[in-house]
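Structure first, commentary second.
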Amino acid sequence: MGLVDTVRTLSNLPTLLTLKKGMAPRPLTDTDCFGAQVARNAEAFGERTAFLFEGRSVTWAEFNALANRLADTFLASGLNRGDTASVVMENRIEFLATIVALNKLGAIGALINTNLRGRQLSHCITVANSKMCIFGEELSDAIAEVKGDLPLEEGSDYFFVADRSDRAAPNWSRDLLAEAAGASAANPALTDQVTLGENCLYIYTSGTTGLPKAAVMSNRRFLQSTGLSHRALYRATEQDRFYVCLPLYHATGLMIGVGAAMSSGASTFIRRKFSASNFLPEVREHNTNLLIYIGELCRYLMNTPSKPDDADNPLHTMTGNGLRPDIWMPFKERFGIRRISEFYGASEGNVAFANLLNKDCTVGMTAARVALVKYDVDADEIVKADNGRCIEVAPGEPGLLLGHINEDAVFEGYTDPEATEKKILRNVLEDGDAWFNSGDMMRVVDVGYTLGYDHYQFVDRIGDTFRWKSENVSTNEVGEIINGFDGIRFCNVYGVEVPGADGRAGMAAVTLAEGTETLDLDAFSRYVNESLPVYARPVFIRVQPDIDVTGTFKMVKGDLKKAAYDLSKISDPVYVMKPHSEVYEPLDEAFAAVIGRGEAGY
């Protein structure tokens, strides 16, 4: 087994050497962008299929022409190089054509989470200093609810993008596709001026505090990531076909999925939303051999009834993140996967890991300088030596991941300078150094022969952010909103494990306002549903007589996380919002047992 592993690892060496040569950081002054890459694909593979979606297919030449017509329309409407336009649209061809069009002009696409409503939605559009809002027909109502709070002109700054119905554009917006029909399909001259150092996208992250922050994505980082994905993770060519069902407003689906297709010239089957029951039939029908995944998607697929022919499908390589060790090998065997290229990275981060050697149960290796430092999870703080420096952990021990900030590993941060500075740790190991704080615990793992590179395994999120339903959830943000309910005095939000589900479900320990005897479950449920997107709604509510705080008035979460919703450890009332329900109800022993068996359906 050791010899086989060594031979298999050495077989990757030519690819790694080619990759290392080709992926050296290019000067920021070089001109290039993903809009230019699409134009190159149209020239090289013009008649090959680029995208398939809901019965439609477009070639690279047709897709490039559509993006050019949109770009011409935006330019004629006053959008200039460096301006920002918010894009609020579900997965579809027009979403991709829109962001490519913006990139061709050197404009920035602010990619808005389609689950957001109300205050969070208006905040994301406003914080990006958007000059335009480009929204899909399917999200017209969400934009209509907040347009009165936005600094945009009705009738000129809103662009409606038709979807599947005959619904007309609202009278306060312009019909983008109708206006673009007569625009120029030629490649814009501006594209040749766009540099790698310019920003191309804002991708939103919950962060650790406050409302969502706009993480900055430069053309260089976008093209580096997509090039790495197509060459080293997928090893894709123009003859391959991707299956993409992850939301395209996230970096994983957009960059590691569609972006790798743009980089390689491959085609992509796009799904509006993931469907476990339709997955294998579509993979077979459209002959998709490459998959972009998140761990939760894989767990959903593993929970479907197994069939003898599950492995009889064209998929052979999958790339993504969050695939837990407990289902890694069962998934690989059941669906006949030969290569799993797990990766790790954050939208705003400066380091990335990739499993380039096809090792099992690891996020792989990194060429960046990183450090794993000691972290006290219960106290929620970094452990420091007497000299004030951080302490690196021993091999195999979990530690907080830090990425060294330098010329080749720039931390691009957020649009908010203050929020950017909060993610930087200084004087960590030596005077004057600066490191990006990932907020994640990782450890070095032994996966056999690795050509001298350490391999890492993701352990957990820390602090004030947890991950649920593939989204980062800010405990402070959720707590702030719940505190706005009249019957609540204080709220302490944290993530808890749910068997059979990836990530952590939200749980809120609350104390009631003075004079309030019991929590009005109906009114509270309505408030939570109206105020928070689905993924951010706490699954469990615990009503406490008081909230524990430290001497500096920081809320204590350690004991709450350990007790979670275990009724044998809690005398306080606990309520649960069951799957597919929008109402909190008392958690009883029977349903707690269902959760414990991993059968609740979360």
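Does the stretch 368-386 hold any residues that are within 22 Å of the chain's Cα centre (by Cα) and buried (at least 18 other Cβ atoms within 10 Å of the Cβ), and which are they?
Hit for the stretch 368-386 is 370, nothing else.
Across the stretch 43-64, what is the number of residues that are of a type outside the set (Phe, Trp, Tyr) and closer than 16 Å to residue 99 by Cβ?
3
Hey, does the stretch 527-536 have a residue that's among the charged types (D, E, K, R) and without any contact (Cβ under 8 Å) to a residue 40 or more places away in the chain?
There is no residue in the stretch 527-536 that is among the charged types (D, E, K, R) and without any contact (Cβ under 8 Å) to a residue 40 or more places away in the chain.
So in the stretch 304-317, with the set limited to residues that are among the hydroxyl-bearing types (Ser, Thr, Tyr) and part of a loop (DSSP other than H, G, I, E, B), which one is nearest to residue 229 (Cα to Cα)?
Ranking the candidates gives 304 first.
Mind counting the residues in the stretch 73-92 that are within 21 Å of residue 142 (Cβ to Cβ) and outside any loop (DSSP other than H, G, I, E, B)?
5
Need the failing condition index for residue 485 against (1) part of a strand (DSSP E or B); (2) surrounded by fewer than 22 Cβ atoms within 10 Å (Cβ to Cβ); (3) at pLDDT 90 or above, just the number.
The failed condition is (1).
If I filter the stretch 106-117 for residues that are part of a helix (DSSP H, G or I) and either out of contact with any Lys or Arg (no Cβ under 8 Å at 6 or more places or on another chain) or surrounded by fewer than 24 Cβ atoms within 10 Å (Cβ to Cβ) (or both), do I get at least one hit?
No, the stretch 106-117 has no match at all.
Would you confirm, using the coordinates I've provided, whether residue 220 is buried (at least 16 other Cβ atoms within 10 Å of the Cβ) and basic (Lys, Arg)?
Taking the combined requirement at face value, the residue satisfies it.
Those residues that are assigned to a loop (DSSP other than H, G, I, E, B), touching a helix residue (DSSP H, G or I) at 6+ places or on another chain (Cβ under 7 Å) and of a type in the set (A, V, I, L, M), I need them from the stretch 248-303; list them, please.
Across the stretch 248-303, the qualifying residue is only 248.
Do we find a residue being farther than 22 Å from residue 483 by Cβ and within 30 Å of the chain's Cα centre (by Cα) anywhere in the stretch 513-536?
no
Mind checking which residues of the stretch 48-72 are in contact with an Asp or Glu (Cβ under 8 Å, 6 or more places away or on another chain), free of Cβ contacts under 8 Å to residues at least 60 places away in the same chain and assigned to a strand (DSSP E or B)?
59
Regarding the stretch 445-457, can at least one residue be identified that is out of contact with any helix residue (DSSP H, G or I) (no Cβ under 7 Å at 6 or more places or on another chain), under 18 Å from residue 345 (Cα atoms) and of a type in the set (Asp, Glu)?
Yes, that holds for at least one residue.
From the list 232, 214, 183, exactly one residue is more than 26 Å from the chain's Cα centre (by Cα), of a type in the set (A, V, I, L, M) and either surrounded by 19 or more Cβ atoms within 10 Å (Cβ to Cβ) or not in a strand (DSSP E or B) (or both). Which is it?
On inspection, the qualifying residue turns out to be 183.
Does residue 360 meet the test of being surrounded by fewer than 21 Cβ atoms within 10 Å (Cβ to Cβ), without any contact (Cβ under 8 Å) to a residue 12 or more places away in the chain and either closer than 30 Å to residue 338 by Cα or not assigned by TED's automatic domain parsing to the domain that holds residue 233 (or both)?
Here the answer is no, as residue 360 does not meet what is asked.
List every residue pair whose Cβ atoms lie under 9 Å apart, where the two residues are 6 or more positions apart in sequence or sit on different chains, the first residue falls within the stretch 222-233 and is assigned by TED's automatic domain parsing to the domain that holds residue 317 and free of Cβ contacts under 8 Å to residues at least 60 places away in the same chain, and the second residue, located anywhere, is assigned to a helix (DSSP H, G or I) and crowded, with 22+ Cβ neighbours inside 10 Å.
230/259; 230/260; 230/261; 230/262; 230/263; 230/264
Here are 105, 121, 152: which of them is more than 16 Å from residue 92 (Cβ to Cβ) and in contact with a Cys (Cβ under 9 Å, 6 or more places away or on another chain)?
Exactly one residue qualifies, and that residue is 152.
Just the residues that are modelled with pLDDT of 85 or more, not hydrophobic (A, V, I, L, M, F, W, C) and not in a loop (DSSP other than H, G, I, E, B), please, taken from the stretch 539-560.
Selection gives 542 alone.
Residue pairs, Cβ under 6 Å, 6 or more apart or interchain, first in the stretch 276-291 and over 19 Å from residue 237 (Cβ atoms) and in the same structural domain as residue 315 (by TED's automatic domain parsing), second among the hydroxyl-bearing types (Ser, Thr, Tyr) and in a helix (DSSP H, G or I). List them.
Correct list of pairs: 276/300.
If only one of 430, 530 is under 24 Å from residue 366 (Cβ atoms) and not aliphatic (A, V, I, L, M), which one is it?
It is 430.
Do you know which residues across the stretch 236-247 are crowded, with 18+ Cβ neighbours inside 10 Å and in a loop (DSSP other than H, G, I, E, B)?
Residues satisfying the conditions are 236, 240, 245, 246, 247.
In the stretch 392-415, which residues are of a type outside the set (Gly, Ala, Ser), crowded, with 17+ Cβ neighbours inside 10 Å and within 15 Å of residue 428 (Cβ to Cβ)?
393, 400, 401, 402, 404, 405, 411 - these are the residues of the stretch 392-415 that are of a type outside the set (Gly, Ala, Ser), crowded, with 17+ Cβ neighbours inside 10 Å and within 15 Å of residue 428 (Cβ to Cβ).
The values are calculated or read from the model by the stated rules, or taken from the named source; none is laboratory data. Bear in mind that the values here come from a model prediction, so they are computed numbers and not experimental data. As a convention, Cβ positions derive from the backbone with ideal geometry for all residues, glycine included, and neighbour counts pool all protein chains shown.
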